[in-house]
Amino acid sequence: MVFMKNIQKYLKEALIFDIKAGFITAIVALPLAIAFAIASGVPPIMGLYTAIIAGILGSSFGGSKFSITGPTGAMTVIILATVNKFGIEGLLMAGLLAGVFQIIFGLLKAGRLVRYIPLPIISGFTAGIGVIILIGQIPNFLGLTLPPKEYVWETIMQVIANLGSIKWAAVDIAICTILIIVLFPKITDKIKILKPVPPTIVALILFMIATFVLAIKIPVVGAIPAGLPMPQLINFNLDLMRQVLPSAFTIALLGSIESLLCAVVCDAMTNTKHKSNKELIGQGISNVVLPFFGAIPSTAAIARSAVNIREGARTKYAGVIHALILLIIVLFFAPLAEHIPRAFLAGVLIFVSIKIIDIREFRTILHISMSDTAVLFITFFLTIFTDLVFAVQAGMILAIFLLFIKLTHMVEDK
């Protein structure tokens, strides 16, 4: 009886709100899932698989009521590095191990520890990742068909070597995509009926039609298979497991930090309180399951979670609904994705990367102390110019260094 009453209460009080929020969030998530997959050096469909499966599992088992789980910009850098070193097989193994690490983090109740990671470390990593994403999208921005590279200087050298092949139609589409994303919300402020329409979808439809109808010769996403793959076992190669352990730990650490930060943002927006350890376990479950469906690692996404909240989500089932809508799109409309210009995706990712680089945080840290400033820039440049696994390891050492300095000051003050 209680169960039936709860269902009736949900149908009456929350279902419509969750469907609306889930639909809009899915529309926002669609181009991002494809874009993050391409930026990660994997087929676009893998990003969609991640958004669907992780969207369901993250919302069902996580500890944050409004977080939306899927592929994110922060993950693209370490995923690309892992793919370049170990191939898709190594990435799937790293994702599985990362999920195991996250479940262990949750069981050990390590959720609260994220608050002790110094702000300069988080800001340096985040801004560095933003720069890497931005530089990595320059080829797509210019209409060049080039393989994604792990290091920024490799990408820059590739671009310089192919400057004669720039397709200016792609440049126009990328610039117009950024302008639409920036300016369309100003239009919706005046025309209220357009308020629910995501600017990325306006740009997506516009440039898909233009590319197809005008037969513009620029790189496009290409065919995306309809449907979900059947689950299959991955190759449990002990030597490969040993090799990908550092990458797996980095994926787990970055995913945990981003998910918990996302949960904190959701709490602030909704005046709720998340369960940090349950959230880690939920994210871990997602990452353990994803490799068996040929999907890339996931984490909670702040931007999509914010959309979910702004569109009126009432329960965690809005996240599940968003994933089911994405599934419907993949099942019935996947062939349309063939005409999505990569330049449009570059515009979306460049906008996202610029948002990731928080200049205000940099200014705040610059006024705290010389040691915090030094740690910020060391982390920032290590993230950009070295292997991300090394940058994370160095960041942890720097965090201990900062803690030591602050404890020393506390003792001296006494």
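Things to note:
- Computed helical MRE - 222 nm, the chain, DSSP H runs ≥ 4 contributing -39500 (n - 2.57), nearest 500: -24500 deg cm²/dmol
- Distance distribution P(r), the range 220-358, all Cα-Cα pairs, bin width 10 angstrom from 0: 9, 29, 37, 23, 2 percent.
- When the convex hull of its Cα atoms is projected in every direction, mean area for the range 313-414 (nm²): 11.7
- Contact order relative to length of the chain, as percent, for alpha carbon pairs under 8 angstrom and 6 or more apart: 38
- Among the DSSP helices (H) of the chain, those spanning at least 15 angstrom by Cα along their long axis with an average Kyte-Doolittle hydropathy of 1.0 or more are 15-39, 44-61, 73-107, 119-136, 168-190, 199-213, 238-270, 317-333, 342-356, 370-385, 388-413; this is a geometric and hydropathy rule only.
- The chain: C-alpha gyration tensor shape, a/c 1.5 cut-off, then a/b vs b/c: rounded
- Total formal charge among the other residues, if their Cβ is under 11 angstrom from that of Cys262, Lys/Arg +1 and Asp/Glu -1: -2
- The Cα atoms of the range 1-159 define a convex hull whose projected area, averaged across directions, is 12.4 nm².
- Length-normalised contact order for the range 205-340 - Cα pairs under 8 Å, 6+ apart - percent: 47
- Part-to-part distance (alpha-carbon centres) for the range 333-378 and the range 53-127, which is given in Å: 18
- Sulfur and carbon atoms: percent of accessible area, the range 117-228 [1.4 Å]: 75
- Probe 1.4 Å, protein heavy atoms only - accessible area per residue of the chain in square angstrom: 47
- Amide proton proximity set for Phe66, modelled H, under 5 Å, gap of 5+: none
- Accessible area (Å², 1.4 Å probe, nearest 10) - Phe292: 50
- Set Lys278/Lys355; Lys20/Lys192; Lys20/Lys195 screened for pairs whose C-alpha atoms are more than 18 Å apart: Lys278/Lys355
- Approximate shape of the range 287-355 as ellipsoid semi-axes (Cα gyration tensor, √5λ), whole Å, largest first: 21, 19, 15
- Quarter of the Cα convex hull surface for the range 51-126, i.e. its orientation-mean projected area (nm²): 6.1
- Taking a straight Cα-Cα cut-off under 19 Å and skipping sequence neighbours fewer than 8 places away in the same chain, the lysines within cross-link reach of Lys275 are Lys65, Lys109, Lys316.
- Part-to-part distance (alpha-carbon centres) for the range 171-240 and the range 281-299, which is given in Å: 23
The values are calculated or read from the model by the stated rules, or taken from the named source; none is laboratory data. The shown structure was predicted, so the numbers you read here are calculated from the model rather than taken from an experiment. Glycine also receives a Cβ, built like all others from the backbone with ideal geometry; neighbour counts cover every protein chain displayed. For accessibility, only protein heavy atoms count, side chains too; no ligands or nucleic acids. Shrake-Rupley method; radii C 1.70, N 1.55, O 1.52, S 1.80 Å.
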